[in-house]
Amino acid sequence: MNVIERLSFNQMTADPWTLEEAVRHCSRAGVQQIGAWRHKLGGNAAKAAAMIRGEGLRVSSLCRGGWFSAPTVEERRRRVEDNRIAIEEAAVLGAPVLVMVCGPADGQTLIDARATVTDGLLEVLPDAEKAGVILGVEPLHPMYAAERSVVVTLRQANDMVEQMASAAAGVVVDAFHVWWDPELMAQIERARGKIVGFHVSDWAAPLPGILMGRSMMGDGVIALREMREAVDAAGYDGPIEVEILNEEIWKNADDRLMELMKRRFVECV
């Protein structure tokens with residue numbers, strides 16, 4: 001498959017757009033896949049699915065599940081139930097993968113929080129298996145450990161997925177989060193057959209911001225082509241999502257964004 005045919009537009013690359021606007025821009029630009037976010041579904045996954053299919057698009061993934069750690073048993077139970085709802089939404093959308101952003105420690109030690117994440121994943125795994133949805137564990141960059149995820153390396157994600165030992169469990173490799181890791185290539189190979197998503201953006205130097213600092217491919221230091229070839233060599237030939245959180249890009253999002261994204265995707269990925 002030509003690499004451009006694998007391009008998927010993650011909604012966070014133009015967060016101000018509604019789902020309908022994002023789908024319309026994708027359709028006009030010839031981008032056939034979209035990475036959806038739950039907060040953009042308007043509480044009606046069936047309606048969203050019909051609209052996406054009506055434009056001839058496919059959903060590459062749904063974001064996000066996870067956030068299992070909580071200060072009370074009751075709150076943790078609510079989060080597990082919310083993950084079950086997310087699995088159902090992914091199934092309705094036809095999204096093969098639910099991206100799991102595992103959540104911060106939330107009052108626990110890092111070790112205990114990672115155990116809580118594993119427990120949560122195992123608890124909802126039967127729901128994912130039944131729904132035909134893969135739980136894609138996405139490690140985040142260590143700078144997010146305090147606020148967003150205690151899973152911060154591909155090794156940790158691989159450990160969890162191996163413990164789950166199910167076809168409904170895999171890892172999502174996001175270039176922005178893992179490019180720095182000296183174990184990256186070895187852990188990509190270790191994930192052979194278990195990579196269920198690949199996300200791209202770039203890391204500008206200096207980084208303009210922690211959360212909103214992702215850059216367009218080619219505007220930073222990440223060796224995206226090398227990483228993509230390693231992911232391919234490990235057996236992944238699925239969608240490649242462009243996921244860029246950047247307020248300047250958001251403010252200027254229009255059809256020109258889609259054309260720039262496609263051009264940089266071919267040049268850099």
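With both residues required to sit in the chain, DSSP beta bridges show an antiparallel share near 5%. Sorting 91-98, 120-127 by their mean Cβ neighbour count within 10 Å, with the most densely packed peptide first, gives 91-98, 120-127. The stretch 40-189: Rg/Rh from Cα coordinates, Kirkwood Rh? My calculation of the ratio gives 0.98. The phi torsions of the stretch 203-218, fed into the Karplus equation with coefficients 6.51, -1.76 and 1.60 and a -60° offset, translate into couplings of 10, 6, 10, x, 5, x, x, 6, 8, 9, x, 6, 10, 4, 3, x Hz, rounded to whole numbers, with Gly and Pro shown as x. Amide H contacts for ILE240 (H built 1.01 Å from N in the peptide plane; partners 5 or more residues away or on another chain; cut-off under 5 Å): LEU7, SER8. Put simply, the C-alpha atoms of the chain give a gyration tensor, and the ellipsoid matching it has half-axes of 27, 22, 18 Å, longest first. Estimated from helices alone, the mean residue ellipticity of the chain at 222 nm is -13000 deg cm²/dmol (sum of -39500 (n - 2.57) over DSSP H runs with n ≥ 4, per residue).
Here the gap between ALA205 and ASP82, fully extended at 0.36 nm per residue and compared with their Cα-Cα distance, gives a gain of 40.6 nm. Distant-in-sequence amide contacts of GLY103, defined by a placed amide H-H separation under 5 Å and a gap of 5 or more residues or a different chain, comprise TRP67, SER149, VAL150, VAL151.
Of all aspartates and glutamates in the structure, those lying under 13 Å Cα to Cα from LYS251, and not within fewer than 8 positions of it along the same chain, are ASP15.
The HN-Hα couplings worked out from phi for the stretch 252-268 by the Karplus form 6.51 cos²θ - 1.76 cosθ + 1.60 (θ = phi - 60°) are 10, 5, 7, 4, 5, 4, 5, 5, 4, 4, 5, 5, 5, 4, 5, 5, 10 Hz, whole numbers, x standing for Gly and Pro. Rounded to the nearest Hz, the phi-derived 3J(HN,Hα) couplings of the stretch 129-142 under the Karplus curve 6.51 cos²θ - 1.76 cosθ + 1.60 (θ = phi - 60°) are 4, 5, 7, x, 10, 9, 7, x, 6, 10, x, 9, 4, x, where x marks glycine and proline. Amide H to amide H, with H built 1.01 Å from N, ALA169 comes under 5 Å of LEU135, counting only residues 5 or more places away or on other chains. The mean of 1/r over all pairs of different alpha-carbon atoms in the stretch 1-120, once inverted, gives a Kirkwood hydrodynamic radius of 15.4 Å.
Since every read-out is calculated from the coordinates, none of them should be taken as a lab result. What you see is a predicted model, and the numbers here were worked out from it, not measured in a lab. Positions of Cβ are generated from backbone atoms using ideal geometry, with glycine treated the same way; all protein chains shown enter the neighbour counts.
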